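The values are calculated or read from the model by the stated rules, or taken from the named source; none is laboratory data. Values in this document were obtained by computation on a predicted structure and should not be read as measured data. Cβ sites come from the backbone with ideal geometry, for glycine too, and all protein chains shown count toward neighbours. For accessibility, only protein heavy atoms count, side chains too; no ligands or nucleic acids. Shrake-Rupley method; radii C 1.70, N 1.55, O 1.52, S 1.80 Å.
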Amino acid sequence: MRLRDRVDEPGARRRQVVGRHTAGADALFGARHYRNYHFLLSLSNHVAHFGLEHHESNDSRTSERALVDDNLRRVAFGDLLPHEYTHSWNGKFRRGADLATPNFNVPMQDSLLWVYEGQTQYWGNVLAGRAGLRTAEQSRDALALVAAAYTDNRAGLGWRALQDTTNDPIIAQRRPKPYRGWQLSEDYYSGGQMIWLEVDARIRAQSGGKRSLDDFARVFFGVDDGSWTVHPYTFDDVVRALNGVVADDWATFLRARLDGRTPITGGIAAAGWKLVYQDKPNDYAKAAAKEGGGADFLYSLGLTVDKDGKLGEVRWDGPAFRAGIGPGMQLVAVDGREYKKDTLEDAVKAAKTGRAPITLLVKDFDRYRTVALDYHDGLRYPHLERIAGTPDRLSAIYATRR
């Protein structure tokens, strides 16, 4: 594997970072399915930030200071390379049968993206923790935000199954959607992550800690060491491999969650933790806010604000939604004062002990409106907290493997 160095960046640090997470992936899968692997890493504030996987390489782009700024490293960079590297096994070597088309005349289908992307999303966060790209606490903090989304900000799962979101790349072509909590948008990524967390915790519980999703990864993705020929798989193949690790009714377990009959948040409690809300954001959320420059009031007022005061996400049926506030509006003033993040935070804190509503002046296209938010529950940010007297499987999941 190679990491192409830039003359104006400390190449030794990049090689060290790559070496740590690739060693974790090698320990996880126990085989390699490429001849040479190349990381093309762009550190710039002048290109789009994303990761794009190929079988023997990836094109990853992130913030200019992602390797030297602690906040950026844990947020913008932490699980980027582990995620894309994992795709060499999950998605490229092993690929859903309806995605592994023989030629360009056969249309691709995405029914198994909850494995391709969902389990890769899971391993990206886990491998970042195991490699020390994030601390175990930072990995838990990142997971807390996902848990909160699927506990309190995915009302759309009431009408749309997670399985159906695998069609989004075809029907929506990755165009942004307003009210994502209601419409959903490629939720097979983070929703799939939640399902695989529960699978991992369930395997550990039923085997008395002797087996885990690591064993599935080795038998499912670690076959035919040295081969880079694509190995397609079906839903039944996934179930068969899980049963080979721990016998269970995995088909029913998976379909209940994919088809919307069972919530997908059970993995948090199964791993020995619970979602709670506190009046200060966790360290990962603080770092994310610092990078973007915006403000997150998603689980209090039910909205996010970018650095310029433009409203981003509005939580479906939250206080802001019920007051008629929508994404894309401009937040101009709070209780008669020019909008600033601190001004809105102070207003939310004051309303917790008072009865007066929070008054927002918003610009909606060319019209200005004053909106009263009758909200008095204070600031609320997601955290994970241990469930006393239960096994701490999450810490075991993030523990480094040798």
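Data table
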item: Accessible-area order (highest first, 1.4 angstrom probe) of the listed residues 376, 49, 87, 383; result: 49, 376, 383, 87
item: Amide hydrogen neighbours beyond the local backbone of residue 94, cut-off 5 Å, H modeled; result: 231
item: In degrees, nearest ten, helix 341-352 long axis to first principal axis of the chain (Cα); result: 70
item: Principal-axis tilt of helix 235-245 within the chain, Cα atoms, nearest 10 degrees; result: 70
item: Correct option for semi-axes √(5λ) of the Cα gyration tensor in Å [calculated from the coordinates] among [x] 37, 24, 21; [y] 36, 28, 25; [z] 32, 28, 22; result: [x]
item: Relative contact order (percent, whole number), the chain, Cα cutoff 8 Å, 6+ residue spacing; result: 17
item: Karplus-derived HN-Hα couplings along region 193-206 (A = 6.51, B = -1.76, C = 1.60, θ = phi - 60°), whole Hz, x at Gly and Pro; result: 4, 5, 5, 6, 4, 5, 4, 4, 4, 5, 4, 4, 5, 6
item: Residues whose placed amide H lies under 5 Å from that of residue 42, excluding near-sequence neighbours; result: 60, 61, 62
item: J(HN,Hα) series, region 144-158, from Karplus relation 6.51 cos²θ - 1.76 cosθ + 1.60, nearest Hz, glycine and proline x; result: 4, 5, 5, 4, 5, 4, 8, 9, 10, 9, 9, 4, x, 5, x
item: Set of lysines with alpha-carbon distance to residue 363 below 20 Å, sequence-local pairs under 8 removed; result: 307, 310, 340, 341
item: Sequence-distant residues sharing a close amide H with residue 134 (under 5 Å, placed H); result: 129
item: Calculated [θ] (222 nm, deg cm²/dmol) that DSSP helices of n ≥ 4 give over the chain, each run adding -39,500 (n - 2.57); result: -11000 deg cm²/dmol
item: For region 37-83, with +1 on Lys and Arg beta carbons and -1 on Asp and Glu, the positive-most of 51, 62, 82 along the dipole; result: 62
item: Among 235, 387, 170 the positive-end extreme of the charge dipole of the chain (Cβ point charges); result: 387
item: Vicinal HN-Hα couplings computed from phi for region 116-123 (Karplus, 6.51 cos²θ - 1.76 cosθ + 1.60; Hz; Gly/Pro x); result: 3, 9, x, 6, 5, 4, 4, 5
item: Cleavage-rule hits, chymotrypsin sites (Phe, Trp or Tyr not before Pro), region 73-119, DSSP coil, Cβ neighbours within 10 Å at most 12; result: 104
item: 0 to 90° range, to nearest 10: angle between helix 11-29 axis and the chain longest Cα axis; result: 60
